[in-house]
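For reference, the structure is listed below as C-alpha cells.
The values are calculated or read from the model by the stated rules, or taken from the named source; none is laboratory data. These numbers were taken from a predicted model, which means no experiment stands behind them. Note: ideal-geometry Cβ built from the backbone for every residue, glycine included; neighbour counts use all protein chains shown.
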Amino acid sequence: GLLLLLRRRAARRARGMPAMDACALCAKPLARDHDVFMYRGDTPYCSEECRHEQMHLDAVCAKQAARRQQRFSAGTESHRVQRQSRKVSVNHPYLFLLGGV
C-alpha cells in the first residue's frame, strides 16, 4: 500500500524525472494530449482516482501524526507530573512526622 507508493515516488525522483512528466502517485507517464489532475499546487496526477488516493493518504498521515503528537504530549505531561511528585522539599512539614530529615 503506502510503502509501495512511497518507494515508487522515491524511485521516480532518483531517476531525475521532471515533475510534470509522470503521475506523482503511480508514476505513470503523463500524456500531453490527456488531462492532468493537479493537487497541492503543482503536483500532477494522471487521473482523478490517483489524485483522490493521494488526498486520502494525506488525510490518513495527518491523522496519524496528530495521534502521535497527542500521545507524545500526554506522555510528556505524565512524565513531568511524575517528576514533580517525586520532588519533596526538605522543609516539608510531614517529613518530621514520617521520620524524615
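Mind telling me which of the residues Leu97, Leu30 ends up being of a type in the set (A, V, I, L, M, F, W, C) and modelled with pLDDT of 90 or more? So the residue among Leu97, Leu30 that is of a type in the set (A, V, I, L, M, F, W, C) and modelled with pLDDT of 90 or more is Leu30.
If you go through the range 43-59 and keep only what is assigned to a helix (DSSP H, G or I) and under 16 Å from Met20 (Cβ atoms), you end up with Cys50, Arg51, Gln54.
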